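Below: the structure, in structure tokens.
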Amino acid sequence: MSDHPILFLPGPTECDAELRAIMAMPLVGHRSKGFIEEVKAIIPKLRALMRTEQVAMFENIPATGMMSGAIRNLVHDRVLHLTCGAFSERWHKVSQACGRTADAVAVEWGEAIEPEQLRAHLTSHDPYEAVVITYSETSTGVLNPLRELAAVVREVTPDALVLVDAVSALGGAELHFDEWGLDFLLSGTQKCLALPPGLCVIGLSERALAKAATVKHRGFLLDFVKSKKGYDAGKTPATPNIPLVYALSRQLDRIAAEGLETRWQRHLDMQSMTRAWANEHGFAYFSAEGRQSPTVSTFRASNRSVPGLIAKALAAGFVLGNGYGKLKNETFRIGHMGDHPRERLAELLAALS
Ligand SMILES: Cc1ncc(COP(=O)(O)O)c(C=O)c1O
């Protein structure tokens with residue numbers, strides 16, 4: 001048995017001893033030669049993770065902060081949000097809070113946005129500068145069909161940028177930044193990357209960077225044009241979370257050693273195991289059939305008590321997620337993401353049985 005409860009939350013997720021030990025090492029300065037070299041080394045590793053040859057960077061900020069950064073850098077005024085749960089709705093609110101004209105194609109929580117819905121909206125409205133898509137909607141366990149949605153944007157409004165929330169997807173769900181024609185992606189370290197929260201990693205297309213250069217008042221810390229110049233020289237815009245940067249670097253090496261495809265498959269396998277368990281025990285998915293995320297499964301509690309299930313998991317040494325927001329007691333979530341081996345998930349499922 002572990003010396004602490006093992007996190008099967010949909011973030012933050014379990015962070016193993018090797019990575020935690022790196023973060024306990026003595027500090028170095030962020031302008032030291034060694035750290036500058038580390039920053040330079042990390043960028044190509046991030047590119048590989050996102051499958052892009054374009055721009056990758058990171059910043060000390062929760063994903064929510066980077067949502068504002070993206071809007072302030074990449075959108076003068078008109079942006080479309082595809083909303084289907086708490087986090088996609090959050091980015092919509094962020095755009096409104098930044099004073100942009102933010103429209104939405106909204107579906108019920110638990111549903112995914114389908115490509116034809118997006119096509120119908122785009123063909124009946126003035127063009128948008130950007131379309132915002134949440135790949136894995138952590139609140140409902142829905143995986144939106146990102147590749148197909150991005151293809152619709154590219155086809156119908158080729159000038160619109162495709163901005164993606166991949167917070168609970170990057171490193172767990174299949175994703176090809178360049179091949180799928182994405183322009184911006186944000187993700188946090190606390191989900192499929194199995195690290196503590198604290199850094200937001202981003203991908204940026206060259207055309208998005210060129211667009212940013214035309215947008216006024218991008219802000220200071222999150223000015224992508226200025227940051228890119230710094231990162232090219234291994235210099236972060238401000239003092240980063242130095243220990244976490246080292247741990248991220250090591251984790252990116254470990255992910256490369258596992259192999260991205262193998263990692264994606266492990267997540268799919270964990271999803272299948274969870275599905276089999278739910279079928280056996282009579283739990284129905286909250287998320288629409290065929291649109292379920294490989295990193296987080298959300299089930300209806302039906303006549304079972306969510307606090308009861310969570311207590312049962314904890315007694316066996318595991319932390320399970322309750323429902324998000326308004327779904328708190330109606331659903332529960334199993335975050336099978338990050339570095340969990342299949343065997344550990346099997347232990348959790350057996351304990352819940
Ligand atoms: C899909 C998604 N987007 C955004 C966020 C917000 O991330 P943060 O708490 O790092 O701002 C989360 C957090 O759970 C998330 O799951």
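I want to confirm something. Restricting to segment 111-140 and keeping residues that are over 20 Å from residue 185 (Cβ atoms) and among the charged types (D, E, K, R), which single residue is surrounded by the fewest Cβ atoms within 10 Å (Cβ to Cβ)?
126
Condition (residue is surrounded by fewer than 21 Cβ atoms within 10 Å (Cβ to Cβ), within 16 Å of the ligand (Cβ to nearest atom) and within 30 Å of residue 12 (Cα to Cα)) applied to segment 174-196: is it met by at least one residue?
yes
Looking only at segment 211-266, count how many residues are part of a helix (DSSP H, G or I), out of contact with any Leu (no Cβ under 9 Å at 6 or more places or on another chain) and of a type in the set (A, V, I, L, M, F, W, C).
So the answer is 1.
Exactly one of these conditions fails for residue 149: (1) within 16 Å of the ligand (Cβ to nearest atom); (2) not in a helix (DSSP H, G or I). Give me its number.
Only one criterion in (1) within 16 Å of the ligand (Cβ to nearest atom); (2) not in a helix (DSSP H, G or I) is unmet by residue 149, namely (2).
Can you name every residue in segment 310-339 that is buried (at least 23 other Cβ atoms within 10 Å of the Cβ) and in a loop (DSSP other than H, G, I, E, B)?
Hits for segment 310-339 are 336, 337, 338.
Out of segment 157-173, which residues are more than 12 Å from the ligand (Cβ to nearest atom), part of a loop (DSSP other than H, G, I, E, B) and in contact (Cβ under 8 Å) with a residue 24 or more places away in the chain?
157, 159, 160, 171, listed by residue number.
Kindly check whether there is at least one residue in segment 238-248 that is touching a residue at least 60 places away in the same chain (Cβ under 8 Å), out of contact with any helix residue (DSSP H, G or I) (no Cβ under 7 Å at 6 or more places or on another chain) and within 16 Å of the ligand (Cβ to nearest atom).
Yes, because at least one residue in segment 238-248 is touching a residue at least 60 places away in the same chain (Cβ under 8 Å), out of contact with any helix residue (DSSP H, G or I) (no Cβ under 7 Å at 6 or more places or on another chain) and within 16 Å of the ligand (Cβ to nearest atom).
Please list, ordered by first then second residue, the pairs with beta carbon atoms under 6 Å, 6 or more apart or interchain, first in segment 62-85 and farther than 24 Å from residue 124 by Cβ, second of a type in the set (Phe, Trp, Tyr) and within 12 Å of the ligand (Cβ to nearest atom).
Within 6 Å, the pairs are 67/91.
If we keep just the residues of segment 87-110 that are more than 16 Å from the ligand (Cβ to nearest atom) and of a type in the set (D, E, K, R), which is surrounded by the fewest Cβ atoms within 10 Å (Cβ to Cβ)?
Here the answer is 108.
Looking for whichever is over 18 Å from residue 192 (Cα atoms) and either out of contact with any helix residue (DSSP H, G or I) (no Cβ under 6 Å at 6 or more places or on another chain) or in contact (Cβ under 8 Å) with a residue 40 or more places away in the chain (or both) here; the options are 35, 58. Which one fits?
After applying the criteria, what remains is 35.
If a residue has to be buried (at least 22 other Cβ atoms within 10 Å of the Cβ) and closer than 11 Å to residue 293 by Cα to count, how many in segment 141-173 make the cut?
Counting residues in segment 141-173 that are buried (at least 22 other Cβ atoms within 10 Å of the Cβ) and closer than 11 Å to residue 293 by Cα gives 8.
For segment 51-86: of the residues being surrounded by fewer than 22 Cβ atoms within 10 Å (Cβ to Cβ) and assigned to a helix (DSSP H, G or I), which is nearest to the ligand (Cβ to nearest atom)?
Across segment 51-86, the extreme among qualifying residues is 64.
Return only the number of the condition from (1) within 23 Å of residue 145 (Cα to Cα); (2) small (Gly, Ala, Ser); (3) touching a Ser or Thr at 6+ places or on another chain (Cβ under 7 Å) that residue 301 does not satisfy.
Condition (1) is where residue 301 drops out.
Which members of segment 87-110 meet the condition of being of a type in the set (Val, Ile, Thr) and not in a helix (DSSP H, G or I)? Walk me through it before giving the result.
Pass one, segment 87-110, residues of a type in the set (Val, Ile, Thr): 94, 101, 105, 107.
Residues satisfying the conditions are 101, 105, 107.
Just the residues that are without any contact (Cβ under 8 Å) to a residue 40 or more places away in the chain, more than 21 Å from the chain's Cα centre (by Cα) and not in a loop (DSSP other than H, G, I, E, B), please, taken from segment 111-139.
Across segment 111-139, the qualifying residues are 116, 117, 118, 119, 120, 123.
Where a number appears in this text, it was derived from the coordinates with a stated rule and is not lab data. Computed from a predicted structure; not experimentally measured. Positions of Cβ are backbone-derived with ideal geometry, glycine not excepted, and every protein chain shown enters the neighbour counts.
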